[in-house]
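Inspection log for the structure reproduced underneath, given as structure tokens.
The values are calculated or read from the model by the stated rules, or taken from the named source; none is laboratory data. Keep in mind the model is a prediction, meaning the values are calculated, not measured. Positions of Cβ are backbone-derived with ideal geometry, glycine not excepted, and every protein chain shown enters the neighbour counts. Quick note on the areas: whole protein, heavy atoms, side chains included, nothing else; ligands and nucleic acids left out. Shrake-Rupley method; radii C 1.70, N 1.55, O 1.52, S 1.80 Å.
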Amino acid sequence: MLQLGLTGGIGSGKSTVAALLVQHGARLIDADAISRASTAVGGAAIGPIREAFGAEAITAEGALNRDAMRALVFVDASAKSKLEAIIHPLVGIEIARQTQEAEHSGARCAVFDIPLLVESNHWRKRLHTVMVVDCREATQIQRVMARNSLTSAEIETIIATQATRAQRLAAADVILFNDGISLSQLASEVDQIAVQFGL
């Protein structure tokens, strides 16, 4: 089974490309969704988070209190690595489980949607191919402003925390330039790429 890493900056259209690949029969393994599930009500990270940070880190419903955690990370830098030390291994276990499930089901390609693929050292070694969805920074800002209520400055701050465009492109085996094209043009680009991946 081909293990394809898919990444791109915020607003690049990575999720759209992932959905198009799924339509071609790829199995999607979404690291962000797994991470969110681990900190949702009943998630595997809730108990350890309560133990590490106290009851105020959990909402009345039993999910991670994101506002409280954001405030804590702001004043205590070590809190972020403490939280990641809880969540990341759980995400790793679930990714491994979903990968095995995809292999057993006979999937020809598993798409690993990993926002921080370029930033993390261990991913590159585990994947057969890395695909980057690329676009100009101005396009990223425009798209994110259209879908979220964030200001241009807030989006620029998020972009600054991610790998640079040059770093992502340097890590890519396949680049899909998603800028100034329509959704149907993007879909036909993905059609051509899917053939390369045996889909």
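Data table
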{"quantity": "Cα-based shape type of region 57-199, given that a ≥ b ≥ c are square roots of the gyration tensor eigenvalues and the cut on a/c is 1.5", "calculated": "oblate"}
{"quantity": "Degrees separating the helix 152-161 axis from the principal Cα axis of the chain, which is the longest one", "calculated": "90 degrees"}
{"quantity": "Among 124-133, 182-191, the order from most to least packed when residues are scored by Cβ within 10 Å on average", "calculated": "124-133, 182-191"}
{"quantity": "Taking the chain and dividing mean pair separation by its residue count, relative contact order in percent (alpha carbons under 8 Å, at least six apart)", "calculated": "37 percent"}
{"quantity": "Tilt relative to the chain, helix 77-104 - C-alpha long axis, 0 to 90 degrees, to 10", "calculated": "50 degrees"}
{"quantity": "Local electrostatic count, MET145, Cβ distance below 13 Å [Lys/Arg +1, Asp/Glu -1]", "calculated": "-1"}
{"quantity": "Shape box of region 17-63 [Cα atoms, principal axes, largest first, Å]", "calculated": "45, 17, 14"}
{"quantity": "Heavy-atom accessible area ranking, 1.4 Å probe, most first, across GLU137, GLU84, GLU61", "calculated": "GLU61, GLU137, GLU84"}
{"quantity": "Within-11-Å neighbourhood charge of VAL118 [Cβ basis; K, R +1; D, E -1]", "calculated": "+2"}
{"quantity": "0 to 90° range, to nearest 10: angle between helix 183-196 axis and the chain longest Cα axis", "calculated": "80 degrees"}
{"quantity": "15 Å beta-carbon shell around ALA166, net charge (K/R +1, D/E -1)", "calculated": "0"}
{"quantity": "Surface accessible to a 1.4 Å probe, per residue, for the residues of the chain, Å²", "calculated": "53 Å²"}
{"quantity": "Prolate/oblate/rounded call for region 122-196, Cα gyration tensor, a/c under 1.5 rounded", "calculated": "oblate"}
{"quantity": "Cα shape, region 28-135, gyration tensor, a/c 1.5 rule", "calculated": "prolate"}
